[in-house]
1. May I ask which of Lys275/Lys331; Lys167/Lys276; Lys243/Lys358 have a Cα-Cα span longer than 25 Å here?
2. Mean separation of Cα pairs under 8 Å and 6+ residues apart, divided by the residue count of the range 418-535: what relative contact order is that in percent?
3. Check Trp337: other-chain or 5+ apart residues with amide H under 5 Å from its amide H, H built from backbone geometry?
4. Need the C-alpha centroid separation for the range 159-235 versus the range 398-433, integer Å.
5. Tell me which trypsin sites (Lys or Arg not before Pro) from the range 180-237 have a DSSP coil assignment and no more than 16 other beta carbons within 10 Å of their own.
6. Can you give the FRET efficiency for Asp340 and Val18, using 1/(1 + (r/R0)^6), R0 = 51 Å, r = Cβ-Cβ distance, to the nearest 0.05?
7. For Asp186, project a label point 7 Å along Cα to C-beta. Then give me every residue of the range 140-178 with its amide nitrogen under 12 Å of that point.
8. Normalise the Debye intensity by I(0) for the range 343-482, one equal point scatterer per Cα, no solvent, then take log10 at q = 0.11, 0.17, 0.18, 0.21 Å⁻¹ and round to two decimals.
Amino acid sequence: MEGLTVRKIAKDLNVSVVTVRNWIKSGYLVELENGVICKESFKVFLNEIAGKRKLCSRANKLLKDGNNYSEVTKHLKELIRSGCSDEVGSMYEGMLSDSYRNREGIYYTPVWVVRDMLRGIKVGSRVKFLDPCCGSGNFLIEAIRCGVSPCNVYGVDVDENAVLIAKYRIKKEFGVDVGDNIRVLDFLDKASEVFCGLEFDLIFTNPPWGKKIDRVIRKKYAKLYGGGDSLDTASLFLAASLKFLRKGGFLGFLVQEAFFKVGSFEAIRKRVLEKKIIRFVDYGYVFRGISSRAYGLVIENERSRLSDTVVCQYGGKEYSRGVDSFLRNPKCIFNFWVSDKESKVIDHLYSIKHVTLKGRARWGLGIITGDNRRFCSDTPKDGYLPVYRGSDITKGGLKEPSTFIVNDFSKFQQVAPLELYHAKEKIIYRFISSELCFYCDTKQRYILNSANFFIPFGIGISSSQLVMLLNSDIIGWLFKKLFMTHKVLKSDLELLPIHYEYFLFYKKFKESDYLNYLGVVKTDDGSYSLKNKISG
């Protein structure tokens, strides 16, 4: 029988090899021999399964929504020749398929965001301005409107259509042909060659978020520009831009919220903390189809001092935070949604003697069946076992199981070692949740992947006591203020302080006793304050 390699299928569908192997494991594809797939089974997969059954949202989107770039290019050139539209940039973005925009990280910045990011920045005609991911030119045009001479505006982008639009818009509004100042160029790959010896006074951009680039290449760029372990394209563009920013110059980036709080961005956050941070801004959900909030950061290329303060704008409020408060955070998290008073409470909670789960737990992921409709039942059946979802876990106990899975774990995509499930005690918790919720399981239960679990050791307290601390209101508040996420990640749980000595003073857990032990009180607005700061 004719076959296709796993790697070819992965490449054609723009998914990982692991994803294809999971499809094989779930029975969607037939493997003729190691790494070779039956061509006929692949045809059936495309016609009857892909885009119909729930496999993986990104793969389905790519299968349903092809890249229409060549058609868009033709239509775009007709629009520009006609000179009929001042909104050609937004029209171009609307023409692109979702899959193409997702793969390339193309989401053009709204003009109101561009104007706000440049607000308060001193601009003169001699200032050199660069947008290393210029798209259709919103930052470039606003820079000229603010007073930068068109001959001092530089922009590059890998999308030739976007560059064409940017030049067209500048020529139409300002009557200037900027020539090679704006060009088709891969900034990460060619900046050191093209901009060698050049320094810019202002570098403002909205870099591609999570653009699909081979990991080996991303590592090369990280080493070249000093990005450390932060390999997302937003991090790489920021590290590269710093290389071309003159001393005393300003840099403004619009980035995804993960940049501010996820551990994989820690190295680039440390680079930012070396500079003078001017402000952090929450712009909310500004991009259609993107579930991440957009955050802005503006920094000055001057050495940071511990006495510096950062203007924080979040949720319609504005306040200042000392830069040292971000340095003290776990993973140097930029939790600018937290006030200065709340930041002091966080510092205090970490100052009290504690341990963490880091190196003190064995972790297990919930079961991923690969196709719940195929392997799960809403009612008990012969040969099926009860399994618990994250929503079944409450602080008061477990709900009765409403899901049952076939008792053949070899069919599933992911199963933790069974000896972990069968442990005498384990702590299970909701994974997809913005609230911490834990339960001490002593009956060797199974869980689906909306929940995860761990087996603690060396904490100094029992598993049930640990659950009481982790389920407390104050630790739940701390988790939100630090990580503000809808997923309870292992890496975040490993950073929470476990004040195990509480049980040396109190035999039972009570929230009021715990707050008294910690030296904090709950305020009327649902936050917390240090006891000795209440009267103030």
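1. Long pairs (Cα-Cα over 25 Å): Lys167/Lys276; Lys243/Lys358.
2. Here the relative contact order equals 22 percent.
3. Close amide H contacts, sequence-distant or interchain: none at all.
4. 46
5. Lys212
6. Between Asp340 and Val18 the formula returns 0.70.
7. The answer is 158-159.
8. At q = 0.11, 0.17, 0.18, 0.21 Å⁻¹ the computed log10 ratios are -0.44, -0.95, -1.04, -1.32.
Coordinate-derived values only; no laboratory data. Just so you know, these numbers come straight off a predicted model, no measurement behind them. Cβ coordinates were reconstructed from backbone atoms using ideal geometry, including for glycine residues, and neighbour counts include every protein chain displayed.
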